[in-house]
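Chemist: The structure follows.
The values are calculated or read from the model by the stated rules, or taken from the named source; none is laboratory data. Predicted model, so just to flag it, every value in this text is computed and none were measured. Please note: Cβ atoms are built from the backbone with ideal geometry, for glycine as well, and neighbour counts cover all protein chains shown.
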Amino acid sequence: MSWSVYVPYLLVMALITYLVRMLPLTIFRKPIRSRFFRSFLHYVPYAVLSAMTIPGVLYSTGYEPGGDVRLLVCAVAGLAVAVPLAWRGKSLLTVAVAACLGVAAALGLFLLTGQMNL
């Protein structure tokens, strides 16, 4: 990509990023008193984190929509192992290793039963 194309894209992205961060500060100068709106804003980070993380987890095994569903089953197995551990407050390393082992176990079962080839 040439600089004549790259620089305008960079400037537009910088402007949009600045506006997204600056507008709430200028619009909401006073404390928000609405209990409903404050409650809504309280849950936004969790919803956004989930919306970004869950698709990445489900596609981490190489599953593509319309592809081999067994890969999706392996990813769901890893998720099923990770969620209870995370819910109990285990460390990130423990949850990640356990999820990887869950995926490996599900993949191993498919390989041992002859339902999947590498």
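Chemist: Here are some residues: Gly78, Gly102, Gly89. Which one is on the phi > 0 side of the Ramachandran plot and modelled with pLDDT of 95 or more? So that I can check it myself, show each step before the final result.
Modeler: Working: Gly78 fails: on the phi > 0 side of the Ramachandran plot; Gly102 fails: on the phi > 0 side of the Ramachandran plot.
Result: Gly89 is the single residue among Gly78, Gly102, Gly89 that is on the phi > 0 side of the Ramachandran plot and modelled with pLDDT of 95 or more.
Chemist: Which number in (1) within 30 Å of Val76 (Cβ to Cβ); (2) in a loop (DSSP other than H, G, I, E, B) marks the one condition that Pro31 misses?
Modeler: (1)
Chemist: Quick one: how many residues across the stretch 46-73 are among the charged types (D, E, K, R) and free of Cβ contacts under 8 Å to residues at least 40 places away in the same chain?
Modeler: Going residue by residue through the stretch 46-73, those that are among the charged types (D, E, K, R) are 64, 68, 70.
Okay, now just the ones that are also free of Cβ contacts under 8 Å to residues at least 40 places away in the same chain, so 64.
So the answer is 1.
Chemist: List the pairs whose first member sits in the stretch 74-86 and is without any contact (Cβ under 8 Å) to a residue 60 or more places away in the chain, whose second member is polar (S, T, N, Q) and assigned to a helix (DSSP H, G or I), and whose Cβ atoms are under 7 Å apart, counting only residues at least 6 apart or on separate chains?
Modeler: Between residues of the stretch 74-86 that are without any contact (Cβ under 8 Å) to a residue 60 or more places away in the chain and residues that are polar (S, T, N, Q) and assigned to a helix (DSSP H, G or I), the close pairs are Leu85/Thr94.
Chemist: May I pose another question? Output yes when any residue across the stretch 100-117 is within 22 Å of Tyr46 (Cβ to Cβ) and assigned to a helix (DSSP H, G or I), and no when none is. Outline the logic, then answer.
Modeler: Quick first cut of the stretch 100-117, residues within 22 Å of Tyr46 (Cβ to Cβ) only: none.
No, that holds for no residue.
Chemist: So Phe37 passes all but one of these: (1) at pLDDT 90 or above; (2) over 14 Å from the mean Cα position of the chain (by Cα). Which condition number does it fail?
Modeler: Only one criterion in (1) at pLDDT 90 or above; (2) over 14 Å from the mean Cα position of the chain (by Cα) is unmet by Phe37, namely (1).
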